[in-house]
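Working notes, structure below.
Nothing in this text is a laboratory measurement; each read-out follows from the coordinates by a stated rule. Here the structure is a predicted model, which means the values were calculated and not measured. Neighbour counts are summed over all protein chains in view; Cβ atoms, including those assigned to glycine, are modelled from backbone coordinates with ideal geometry.
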Amino acid sequence: MIRIIPIQEAYKRKIERQERLKGLKFKCQGNCAYVGEDISPGCYGCFYSDASIIGVSLGRSIGLPDVCNRDCVYCFLPHQIQQNYSVPDGWRLTEEWKDAVRKYFMTEKQRIITDCKMQYYNFTGNSEPLLYIPVLEEMIKFLRNVIDPFMGTKGWAKVYTNGTLLNMDNILKLKDLEFDEVRIHPGATNFSKKVYDNMRLAVKHIPTVTIETPSWPPHREKLFEMLPIIEDIGIKHLDICQIEIWSKEQMEKIESTLGEIELYQVFYAMMDDGGLVEDIMKEALEKDYSYSVIDCNCFRALRTASLTNIYNNYWSLLNQKYPPEWEKHRYERKLSPRHRSGIWEKIIDVMGRRRAASRAGESAPRLG
Ligand code: SF4
């Protein structure tokens, strides 16, 4: 049975649970609730208006089917379930897609008022993104070679995965492609040993490995078992997201699994988790785990929604500052003038290096 609860009741419950949790920290006017030192930089963009996010939904946003090798009850939208999907031979990023991205960032660069134009590249989907490695390769190369220099800042690139295909081969590919972060969803495999083993490999090669898995009541026991395991692995951040309802199919599957669900309106419908996330945070505080835990909750969702193009005008005026430590991180990712420069500066740079190489009797560098 689905019970729609009034927002007053839902928010009151949430705030009371937060008040009971001593040690809970807040940033961004209360929208960001977490424990630990700081959240993953990959989450900053959700709270901040003066930054730009591009989210690639593999495969629908590039004309390919949505394919995943799992079938989670709470998955947002229906998708094909296949274990061995491959991107069709000869698939190429279209010039239309590149033009649309260029145009988007031209507008975004004007909109962002600080001199450090920070952007976030999110690779996700109702799919398993690691089934689309050739697409990831082409897209990230384009974003690194064209959009990063244009914006003047190294964008934060993160890819979501259920972890099943995060083998050494794929980890090294993601590393070579300069992904900053991998987000692993262990709930998709009921917290399998294989996925924990893959996490152990990933932390050795990827700068930030975050666990993002939902606050799904049937996972309660497994979530608590996970906490010491990910501490031992060296995970830096844990993101517990509340279940968001995006489709009739998803809602029906959840209802038939749980029997009873309570939903309330945020921007979309959100499921009340009965306080599971606060219980997890309490445990992380009591056991003094080193990773941060963020509650990706209704207030995060409202914040992100208020930053969309339709609504950001007034809110942006009020919120054009990161917390200082986030601002520092953003400026640290500013590219040097050489990398920020356009093609002419690049040519001049390579010519200079060619002259130097010829003087030294070495082979000439090529233009990227
Ligand atoms: S792993 Fe992700 S995309 Fe795949 S079924 Fe689960 S929630 Fe959906």
Report, in deg cm²/dmol and to the nearest 500, the calculated mean residue ellipticity at 222 nm for the chain, where each DSSP H run with n ≥ 4 adds -39500 (n - 2.57) and the sum is divided by the residue count.
-> -12000 deg cm²/dmol
Which whole-number percentage describes the relative contact order of the chain, with Cα contacts under 8 Å and a sequence gap of 6 or more?
-> 23
How are the Cα pair distances of the range 26-70 distributed, in percent, across 10 Å bins from 0?
-> 20, 34, 26, 19, 0
Among 205, 237, rank each residue by its count of other Cβ atoms within 10 Å, from fewest to most, as a rough exposure measure.
-> 205, 237
In which sequence would 179, 76, 123 go, from the one with the fewest C-beta neighbours within 10 Å to the one with the most?
-> 76, 179, 123
Give, rounded to the nearest 20 debye, the magnitude of the charge dipole that the chain has about its Cα centre when Lys and Arg contribute +1 at Cβ and Asp and Glu contribute -1 at Cβ.
-> 1560
Filter the cross-link list 117/173; 204/287; 158/236; 158/204; 158/222 down to pairs whose alpha-carbon distance in this structure exceeds 19 Å.
-> 117/173; 204/287; 158/222
Quick one: plug the Kirkwood hydrodynamic radius of the range 159-249 (C-alpha pairs) into Stokes-Einstein at 25 °C, 0.890 mPa s, and report D in µm²/s.
-> 182
Which net charge results when you count Lys and Arg as +1 and Asp and Glu as -1 among the other residues whose beta-carbon is under 14 Å from that of residue 183?
-> -3
What list do you get for 292, 57 if you sort them by fewest beta carbons within 10 Å?
-> 57, 292
Label-point separation, residue 231 to residue 20 (7 Å along Cα→Cβ), nm = 2.3
Report, as a whole number in µm² per second, the diffusion coefficient that Stokes-Einstein gives for the range 83-193 at 20 °C and 1.002 mPa s using the Kirkwood radius over alpha carbon pairs.
-> 140
How many percent of all Cα-Cα pairs in the range 81-142 sit more than 19 Å apart?
-> 46
Two-decimal Rg/Rh across the chain, once Rg and the Kirkwood Rh are taken from alpha-carbon atoms | 0.98
